[in-house]
Structure formats: C-alpha cells, structure tokens
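Written out below as structure tokens is the structure these notes cover.
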Amino acid sequence: MYCVRNITEDLYWVGANDHRLHLFENIHPIPRGVSYNAYLLLDKQTVLFDTVDWSACRQLLENIEHLLGKRPLDYLVINHMEPDHGASIEEILLRWPKVKIISTEKAFMLMRQFGFHVDSHELIEVKEGDTYSFGSHTVTFVAAPMVHWPEAMVTFDTTSGALFSADAFGSFGALDGKLFADEVNFDRDWLNDARRYLTNIVGKYGPHVQLLLKKAGGILDQIKYICPLHGPVWRKDLMYFIDKYDKWSRYEPEEKGVMIAYASMYGNTEAAAQALAAKLCEKGMTNVWVYDVSNTHVSELVSESFRLSHIVLASVTYNLGIYPVMHDYLMHLKALNLQNRTFAIIENGSWACKSGDLMQKFINEEMKNMTVLNERLSLASSLNEGKAGELEVLANAVMDSMKEE
Ligand code: FEO
C-alpha cells in the first residue's frame, strides 16, 4: 500500500520510514528510527528526486507507481549517491528503462562503482549553476561537495521554491506521518536528533556546509521549502533551522553550559564529577550535564560537545594512559573537527596519575582552537575533604571563564 504526502499541489514525499535499523551507518543508534526521503514532481515531465535505502525500496516503488498511474517516469535526479539514498537506483532503472538520469560527474562514477548499469540510460551530467526545465518547473543545480560526499549537489526548484537539500538539514528520527517540521514540537522532540545527525555525519565538513549556506544565503527569500533526505520538511520558520546549521558548522556552541564527561571504574571519579556539577549549580550555572562515557553512546557525547560551551573531562588513569573509552570520545571530537571550546580537567590515579597530562596534551596538540583551564583537580584514588579547596578553585575557574566569553 502506498504512503505518500503532498508538499505542494504537484510535489510529493514518496520516501519511507525505517524503525528496524538499529545502527545508522552501522555505528549510530537510532532508537526513534530514520526516514529516507525521496520526492516526486508531477510536472509536464515526471521527476523523482533521489531514491531510498534498499530496505525501503518496495515502499518507494508502491508510492511512485500509485502517483504515476499510467504515466512514465521521465527523470531521476540524484543529489547524493550514498547507499541510504542511492541503493534503489538500479530498481528504478529496471522498472522505467527510459528514465533519464540527471546528476554530477562524480555521482555517475559512483553509480558505476556500486555496480549500477546506468550506461544504458541517457545520462545528463550537470554542474554548478546549470538549469533544467521539466515543464512549468525550472530547477537549478548547486554543487555541494563534501556535504557529505564529494559528488553531492542540491537542487533548487525556482518555480516552487523547493530546495532539495540532500544530507543538509536532515535529522535522525522516523517521520511516522508527520512530514513537516511545523507538525511536531521540533525543539522538544527533534532538535537533539537533528544535532546528533549533523554533528556525527557531517560534522567534519563544517567549512563545506558553510559554503553551501553562503550559496543559500543569496536566495534565502526564494526558498519556500527545504526538502532534506532525512527527517522533516521545512516550510515555516526556516531561519530557526538554518541558524542551527550555521552554528554547528562554524563549531560555535549553541548554549553556554557545562558538559562533564567522566570515566570511572569504581565510582570515585564519578563522585568528583558529581561534586563539581553540584558546585557549579550552587554557583548559579545550572545548565550542567553529566555523562558516563562508558554507558553513553559516543554519538550522544559528540552531539552534546557541539551543543555546550564548556567540557570537563574527568578520567581515571588506565594502563598508564587515558581510560580507553574517554580516549575514543576524544578521537571522535578530533575526527569531527570540533573547535572553540573551553576544557577543564579532573584526573585520577591510585599510583601513577597520568590521565590529566595526557588529556591536556591531546587537546593542545590534536585539536584546534581549544582552551584548557590551568586549574586542574588531581585525585589520588578518591575525592576527600582535603581536596575541597581544589574543587572550589576549579568550579570558580569554570564560572570565571564563562563570564569572559
Ligand atoms: Fe543520508 Fe550521506 O547519506
């Protein structure tokens, strides 16, 4: 049975929701599922914008067949070739052998690499600024390299104002009927998953997202709909989400606040993290979030690191190094290019306390534009009353650094 929704009178969402996939890209948990969005335009010519993951192919086909009726599918526009969107291309080509494919040179190369038999079809290679008319609708193609793969482009329908934005402006989470962002409480129910999606999937490519935002900035007044490949479609309050993307891709914190990420084996380092959290709240900073790196998925840790201005790392020493899970979290921050944060350090070690120096070295040498506060809380096995003064000094240093910003 088909499951489609209208966006405009001749543009339809024909994608699918997936609640069965547990790990997106086989890494990131998606307890709320994910949507693979594809769009069908019924103009004088019929046009499908992107396909879906292989697991959702049948739903896509039922949706398209329902809307097309006896009409052929004339064009397939591929904005992004990653298999969560491109995997069903081959099936579309088999069902509609006369369909013409519009995409970038690199995308055609990837289609061949993935084994799709595209060369028996008419291929229309487009580049930045090219336009194409499907009848009453004219579209412009805009290169979006590394948002999130090198072949990516976005397509802007200058007639309707619909921007087919590929991975940009996407989010984890299945739509479950609610296609538009204004049909949900986005800030309450979606923002965390949108941030987790962007920061973990495209976080590394902030400068490329910035380039795309700059291009979009030139036509902001013409954009009426943002149609991403995952998550809700935007038709109201577009600037709310564009501003979020701008912040995330500039690596600017969204909020003044403190994330305390701790690695604790027997609860002693955790106790220090909790004591610092209480101190900060007592001093008036209540936007404080405490996470055990051992039982919080690293994609959540990354997302929270992008959200907040201050990060306290509290780690035991393990095999004379940083606790492995804490080290893994830091490696993710480095890989995703996070910048412009203030760090504070709590270290613990029962006989050779090394984690503080090693974490400081990692931040100073492996990451960009970070500040590490000089005040450090150093524990020998556990926090005791003798350390109350150092705890106070650390809390004051965090508070003072917030005033400076
Ligand atoms: Fe949702 Fe880069 O693919």
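No value in this document is a laboratory result; all are computed from the given coordinates. On a predicted model such as this, the values are computed, not experimentally measured, just so you know. In this analysis, Cβ positions are derived from the backbone assuming ideal geometry, glycine residues included, and neighbour counts consider all displayed protein chains.
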> So which GluC sites (Glu not before Pro) in segment 71-144 end up in coil per DSSP with only 14 or fewer other C-beta atoms within 10 Å?
Replying inline: GLU122, GLU128
>> Please list, in order along segment 334-345, the HN-Hα scalar couplings obtained from phi with the Karplus expression 6.51 cos²θ - 1.76 cosθ + 1.60 (θ = phi - 60°), rounded to whole Hz, x for Gly and Pro.
In response: 5, 4, 8, 6, 4, 9, 6, 10, 9, 10, 10, 10
> Looking at TYR251, HIS297, ALA352, which one has the Cα that reaches farthest to the positive end of the dipole of the chain (charges on Cβ: Lys, Arg +1; Asp, Glu -1)?
Replying inline: TYR251
>> Pairwise over distinct Cα atoms, reciprocal of the mean inverse distance: report the Kirkwood radius of the chain in Å, one decimal place.
In response: 22.8 Å
> Can you give the Rg to Rh ratio of segment 1-82, both from alpha-carbon atoms, with Rh computed by the Kirkwood formula?
Replying inline: 1.01
>> Relative contact order of segment 259-400, please, whole-number percent, based on alpha carbon pairs below 8 angstrom and at least 6 residues apart.
In response: 25 percent
> What is the fewest-to-most order of TRP96, TRP248 by other Cβ atoms lying within 10 Å of their Cβ?
Replying inline: TRP96, TRP248
> In what sequence do ARG250, ARG307, ARG112 fall when counting other Cβ within 10 Å, fewest first?
Replying inline: ARG112, ARG250, ARG307
>> Please list the three semi-axes, largest first and in whole Å, of the ellipsoid equivalent to segment 259-400, using sqrt of 5 times the eigenvalues of its alpha carbon gyration tensor.
In response: 20, 18, 14
> Can you give me the relative contact order of segment 303-357 as a percent, contacts being Cα pairs under 8 Å and 6 or more apart?
Replying inline: 48 percent
> Where a Cα-Cα gap under 19 Å defines reach, which lysines qualify for LYS283, not counting those fewer than 8 residues away within the same chain?
Replying inline: LYS256, LYS387, LYS403
> Between ASP237 and LYS368, 0.36 nm times their residue separation minus their Cα-Cα distance comes to what?
Replying inline: 43.9 nm
>> Students often get this wrong, so check it: of LYS247/LYS368; LYS127/LYS214; LYS106/LYS368, which have C-alpha atoms separated by over 22 Å?
In response: LYS106/LYS368
> Which ³J(HN,Hα) values in Hz, rounded to whole numbers, follow from the phi angles of segment 3-10 under the Karplus curve 6.51 cos²θ - 1.76 cosθ + 1.60, where θ = phi - 60° and Gly and Pro get x?
Replying inline: 8, 10, 9, 6, 9, 10, 5, 10
> Which residues' amide hydrogens lie under 5 Å from the amide hydrogen of GLY257, considering only partners 5 or more residues apart or on another chain, with H built in the peptide plane?
Replying inline: SER309, HIS310
> What is segment 5-249's relative contact order, in percent, from Cα pairs under 8 angstrom and six or more apart in sequence?
Replying inline: 17 percent
> How far is it, in nm, from the label point at LYS215 to the one at GLU105 when both lie 7 Å from their Cα along the line to the Cβ?
Replying inline: 1.6 nm
>> Counting only helical runs of four or more DSSP H residues, what would the 222 nm mean residue ellipticity of the chain come to if each run contributes -39,500 (n - 2.57) and the total is spread over all its residues?
In response: -10000 deg cm²/dmol
